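These notes concern the structure reproduced below.
The values are calculated or read from the model by the stated rules, or taken from the named source; none is laboratory data. Fair warning: this is a prediction, and the values are worked out from it, not measured in the lab. Cβ coordinates were reconstructed from backbone atoms using ideal geometry, including for glycine residues, and neighbour counts include every protein chain displayed. Calculation scope for accessible area: heavy atoms of the full protein, side chains included, ligands and nucleic acids excluded. Shrake-Rupley method; radii C 1.70, N 1.55, O 1.52, S 1.80 Å.
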Amino acid sequence: MTAQQHTGPARFTGDAHPYGGGDPYADYRTADFPFTRHTDLADRRFGAAVVAANDEFFAPRENLLVPGRAEFDPERFGHKGKIMDGWETRRRRGVSARQPWPAAQDHDWALIRLGAPGVVRGIVVDTAHFRGNYPQAVSVEGASVPGFPSPEDLLADDVKWTTLVPRTPVGGHAANGFTVAADQLVTHLRLNQHPDGGIARLRVYGDVVPDPGWLQALGTFDVVALENGGRVEDASDLFYSPAVHTIQPGRSQKMDDGWETRRRRDRGHDWIRYRLAAEARIRAVEIDTAYLKGNAAGWASVSVASDDEAGTGSGDTDGTQWREILPPTRLQPDTNHRFVLPAPAVGTRARLDIHPDGGISRLRLHGTLTEAGAETLKARHRELGG
């Protein structure tokens, strides 16, 4: 059984111009999709993977989830033809010379395991560099399958797939964005291209919905981490890099894998506000400045608040009654700083302030869920079909 959900239209259709030399992205078509502020649930750093595809003759399916934008080398050819940085299938054919065209239902597919189960808010099907060999249309379906299903399990008749993006024409050499309105838990996707062709990248933006049973078994964990359901609400400055980098898995691997602000020329300071996985008791704080050497924040402080203390405005003075749990503390460049709190701090939100500017690579807030927080997570998980 397949349910239909409303989705916004793609922004682009039709061929792009043939590559004429120079910067291949000069005529790339894209737009500002608001849903990209959410977490990429198909990020390989979470453990996402393309577990199967019916065809990958020209280019392997794994390229779909490679971080960063697709690259193009006009001189690179292999024994099968042009080597593309994406997933590309062979050309489909009909059944005879009288019917050489693919049938209307013919299509290629790839199965994607999300790195973190969650609610999908938007999808980008990126056809960068596929100018005359992109699919005519795409569609995307989602399913919630517990455990570690094999491709055969996912293709079984008893799996319920929900249409997140109905069959929709797309454009070549373009970021084709779709808003998704299916408020349900998704663990796997089926990406379909009609009838064949190539897709460079797939990005799946949404909100992580953690397994409450797993978090309960862990006991103490990072209550602001993306993979555990934390998220960034707002930040003072996103000039060099996204604030969401600060709660990604693992340590930063290079300077732009953290959060860095522009140089301040006033007497203010920069900040990030976070939503925790649920109400939690925070016992320890880590602030990492890895790879930030001449541009690390000078001092940092951390505060928490609960929902009943929250304000309604925006900016660094939104009316919330913040309670400081780590006073302004001197930071060292390229260093992971660890602080044990003198007493557990309870809250549903957190705020990091850096003085006066600069950056950090990661923030970790180690704690346990309160009884109320655990119940909130369980109720949300049930509501979404988990």
Cα gyration tensor, region 98-178 - rounded (a/c under 1.5), prolate or oblate: oblate
Cβ-based net charge around Thr36, under 15 Å, with every Lys or Arg adding one and every Asp or Glu removing one: +2
Average accessible surface area per residue within region 223-304, 1.4 Å rolling probe, Å²: 43
Region 119-270 - Rg over Rh from alpha carbon coordinates, Kirkwood radius: 1.04
J(HN,Hα) series, region 65-74, from Karplus relation 6.51 cos²θ - 1.76 cosθ + 1.60, nearest Hz, glycine and proline x: 10, 4, x, x, 7, 5, 9, 9, 10, x
Region 251-386 shape via C-alpha gyration tensor axes, a/c threshold 1.5: prolate
Whole-Å distance, taken between Cα centres, linking region 37-103 and region 178-217: 18
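What does the C-alpha gyration tensor say about the overall shape of region 194-240? Classify as rounded when a/c is under 1.5, otherwise prolate if a/b is larger than b/c, or oblate.
Cα axes put region 194-240 in the oblate bin.
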Cβ-placed point charges (K, R +1; D, E -1), dipole of the chain about Cα centre in debye, nearest 20: 500
Cross-link partners of Lys293 among lysines (Cα-Cα below 18 Å; sequence separation of 8 or more within a chain): Lys254
Residue-averaged [θ]222 nm for the chain, counting only DSSP H segments that reach four residues, each worth -39500 (n - 2.57): -1500 deg cm²/dmol
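How compact is region 1-105 by the rule of thumb for globular proteins, expressed as Cα Rg over 2.2 N^0.38 Å?
Numbers: Rg = 17.5 Å, N = 105, 2.2 N^0.38 = 12.9 Å.
Compactness ratio reported: 1.36.
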Accessible area per residue in Å² at 1.4 Å probe, computed on region 21-125: 56
Extreme residue, positive dipole direction of the chain, given options Val140, Phe77, Asn63 (C-beta unit charges): Phe77
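Semi-axes of the equivalent ellipsoid for region 51-132, please: Cα gyration tensor eigenvalues, times 5, square-rooted, ordered largest first, whole Å.
Working: eigenvalues 128, 80, 27 Å².
Largest first, region 51-132 gives 25, 20, 12 Å.
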Relative contact order (%) - criterion: Cα under 8 Å, at least six apart; region: region 1-157: 28
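Give me the percent of the accessible area of the chain that comes from carbon and sulfur atoms, probe 1.4 Å, all protein chains in place. Provide the component values of the computation, followed by the final result.
Details: 9190 of 18450 Å².
Carbon and sulfur atoms account for 50 percent of the accessible area of the chain.
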Counting DSSP beta bridges with both ends in the chain, the antiparallel % (nearest 5): 95
Gaussian network model of the chain, springs between alpha carbon atoms under 10 Å - residue of Asp126, Asp32, Asp234 with greatest fluctuation: Asp32
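If you build the convex hull over the alpha carbons only and average its shadow over all orientations, what do you get for the chain? Give it in nm² to one decimal.
Over all viewing directions, the chain projects a mean Cα-hull area of 22.0 nm².
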Surrounding net charge for Ala175, when Lys and Arg each add one and Asp and Glu each subtract one, Cβ distance under 11 Å: +3
Surrounding net charge for Ser241, when Lys and Arg each add one and Asp and Glu each subtract one, Cβ distance under 12 Å: -2
